[in-house]
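This report refers to the structure that appears directly beneath it.
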Amino acid sequence: MSRILTYFLLILMASSYMQVYGQDSTYSTFLNNKLHDSIRYNAINTAVWQHMFSNPDSAIVLAKEQRNFAINIKNKKQEAKALNNEGIANSIQGNANNAEKCYLEAIKISKEIGDYKKVASIYNNLGILYKEKNSLPKSLEYFYMALTTHEKNNDKPHIASTLNNIGTIFYMQGDYVKAEDHFQKSLKLATEIDDQNDLANAIQNIAIIRIAQKKFTEAITLNREVATIRVELNQTQGIAEVYGNLGSCFLGLIPENQIENSDITTDYLPYLDSAFQYYSHGLNLARSIDARYEIADNLKGLGIIAYLRKDYSHAIEFLTESSTISEEYQFLKLGMESYEGLYKCYKQQDKNDLALINLEKQIVLKDSIEKVEDQKNLIQKELQFEFDKQTLATKKEQEKKDAVAKITLYSVLAGLALVVLFSLFIFNRFRVISKQKKVIEIQKKETEKQHKITEVQKQKIEIINHELTDSINYAEKIQRALLQSTESVKKVTSGYFNIFKPKDIVSGDFYCGAEKEQYAYFACVDCTGHGVPGAFMSMLGMSFLNVIIATP
């Protein structure tokens, strides 16, 4: 028995090894250390993705080996890629905490090496992770971080897909306006760059909103357009999903009272036949790739159609399989609708015990869904609160900027106005002086000819000089009025003295000071020139310094 047990354990270990590493040529390529590092790394990365969806446990093991290899060859970019792969595999497996840890470490490394395209991609993965955890505010936060980074990189394909993800969050909250706004933006961008996959996603999401709004005719047109694109892209699961949506649209065209009473009139039988065809095609495609949700969804649709046709045995067969899959994979709404259909079928057959059992199961799932809906309503309020808070903060910030801009503008205008006025005054004085000099020169020539006239002109010159001196003295008063007063300086500091003795009444040098908020500003400035020209320069200097201090 001991030997048999040993052999059995060896077989299990070999089986596990083969499951992870198998005879994959990609993994064999990775093990060949004679090959270039880049070839080996691409091989291990391919091996990870070969197991990602079929066997995430193996993908995690391979991703860890991928990371160790990246560390050994000191390739930070590939290390971040390996961590991201490990995070995705953990997310698929349902290990949300491990996935988040891997993602955050991958972001840290990607930021260190400046790979912001990878940062944005991982933000998107975190958004999906939190959406699956039903933490929608956190999911929306990461999606917006991904969108911002993609926009900085002008990565249009990823911008389109991220807009779709954000729209999905708003759709989950029942905010169809914001959801469609993001879907339409994604659609426009996908059309611009001719990205057929994102184009199909955007149109399909808009079609889902139309179904929720009970605009079934428009939804049919949109879903048919999506189906055409999915077929061209050979996306089997996507086609199965769209066919299920089309089946629901044709059922939606039948009046609700006829559905409720299971009494479909002749006019609406073609809609029932169309719904049956789409559900059947969708089911066949879903079974071909084992897409569980699409299988359960199309089975539920076929069960409803069989019930409406009063074919209760087939209806029970379809609905039972749908409810079994839904219960196994926690498709709450599908399960509830399937149990409701089974309840109606058994009720019509007078099998009250079986009807009651299915009614109870329906009620249990309905209660679970209502709890989820209550949680979603709370999250919706939280989302709206955060949105309103951000909007208010943005508005206040803009108002503050506008106020500062106005103050700055008014200060600059006032300073310029003062400079212009003083410039006009100085210019006028210069013009007067120039004229007087010419007069003086003429008078000097005349004095040589006529001594008596010279005496008279001398008096005139004295008068003119007196007026000029008065003007300059007046200019001095203006200049001193603009200088900082002793009293105002004492308010700020003490233990100082200043000497201000202009060479020619008005000075080309000046000092100034000001107090703003918790700071005090002082300046002693030496301008070019002295006298009237220097005073002109000092006035400009004082005005510019005041504007600089006033500016935030």
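Observations
- Condition broken by Thr228, with the remaining ones in (1) in contact (Cβ under 8 Å) with a residue 24 or more places away in the chain; (2) in a helix (DSSP H, G or I) satisfied: (1)
- Selected residue (only one of Phe522, Phe536 is part of a helix (DSSP H, G or I) and either surrounded by fewer than 16 Cβ atoms within 10 Å (Cβ to Cβ) or over 47 Å from the mean Cα position of the chain (by Cα) (or both)): Phe536
- Complete set of residues in region 246-294 that are hydroxyl-bearing (Ser, Thr, Tyr), part of a helix (DSSP H, G or I) and more than 19 Å from Gln204 (Cβ to Cβ): Thr266, Tyr268, Tyr271, Ser280, Ser288
- Any hit, region 211-220, residues being exposed (fewer than 15 other Cβ atoms within 10 Å of the Cβ) and under 29 Å from the mean Cα position of the chain (by Cα): yes
- Considering only residues in region 101-142 that are at pLDDT 85 or above, not charged (D, E, K, R) and not in a helix (DSSP H, G or I), the one that is nearest to Tyr171 (Cα to Cα) turns out to be Gly114.
Condition check ((1) open to solvent by 80 Å² or more (accessible area, probe 1.4 Å); (2) of a type in the set (Lys, Arg); (3) at pLDDT below 70; (4) in contact with an Asp or Glu (Cβ under 7 Å, 6 or more places away or on another chain)) across all residues:
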position: Lys406; (1), (2), (3), (4): yes, yes, yes, no
position: Asn428; (1), (2), (3), (4): no, no, no, no
position: Thr447; (1), (2), (3), (4): no, no, yes, no
position: His451; (1), (2), (3), (4): yes, no, no, no
position: His466; (1), (2), (3), (4): yes, no, no, no
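- Within region 135-160, the residues that satisfy the criterion of being open to solvent by 30 Å² or more (accessible area, probe 1.4 Å) and hydroxyl-bearing (Ser, Thr, Tyr) are Ser135, Tyr144, Thr148.
- Set Gly513, Gly541: member being at pLDDT 80 or above, within 24 Å of Ile407 (Cα to Cα), crowded, with 16+ Cβ neighbours inside 10 Å and among the small types (Gly, Ala, Ser): Gly541
- In region 1-56, of all residues being closer than 19 Å to Arg67 by Cβ and β-branched (Val, Ile, Thr), the one that is modelled with the lowest pLDDT corresponds to Val20.
- Qualifying residue in region 168-176 (condition: modelled with pLDDT of 90 or more, surrounded by fewer than 20 Cβ atoms within 10 Å (Cβ to Cβ) and part of a helix (DSSP H, G or I)): yes
- Pair list, Cβ < 6 Å and 6+ apart or interchain, from region 513-528 residues that are aromatic (Phe, Trp, Tyr) to residues that are open to solvent by less than 50 Å² (accessible area, probe 1.4 Å): Tyr521/Ala514; Tyr521/Ile549; Phe522/Gly513
- Boolean, Glu86 is of a type in the set (Asp, Glu), open to solvent by less than 50 Å² (accessible area, probe 1.4 Å) and under 28 Å from Ser25 (Cβ atoms): yes
- When Asp263 is tested against (1) out of contact with any Lys or Arg (no Cβ under 7 Å at 6 or more places or on another chain); (2) at pLDDT below 90; (3) surrounded by 15 or more Cβ atoms within 10 Å (Cβ to Cβ), just one condition goes unmet, and that condition is (3).
Here is a yes/no grid of residues against (1) of a type in the set (A, V, I, L, M, F, W, C); (2) open to solvent by 20 Å² or more (accessible area, probe 1.4 Å); (3) closer than 25 Å to Gly238 by Cβ:
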site	(1), (2), (3)
Leu283	yes, no, yes
Arg287	no, yes, yes
Tyr293	no, yes, yes
Leu308	yes, no, no
Leu334	yes, no, yes
Tyr339	no, no, no
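- Flag if Thr228 is within 22 Å of Ile211 (Cα to Cα), of a type in the set (Val, Ile, Thr) and open to solvent by 60 Å² or more (accessible area, probe 1.4 Å): yes
The values are calculated or read from the model by the stated rules, or taken from the named source; none is laboratory data. No experiment lies behind these values; they were computed from the predicted model shown. Because the Cβ atoms are built from the backbone with ideal geometry, glycine has one as well, and the counts that use them run over all protein chains shown. Just so you know, the surface numbers come from the protein's heavy atoms only, side chains and all, with ligands and any DNA or RNA stripped out. Shrake-Rupley method; radii C 1.70, N 1.55, O 1.52, S 1.80 Å.
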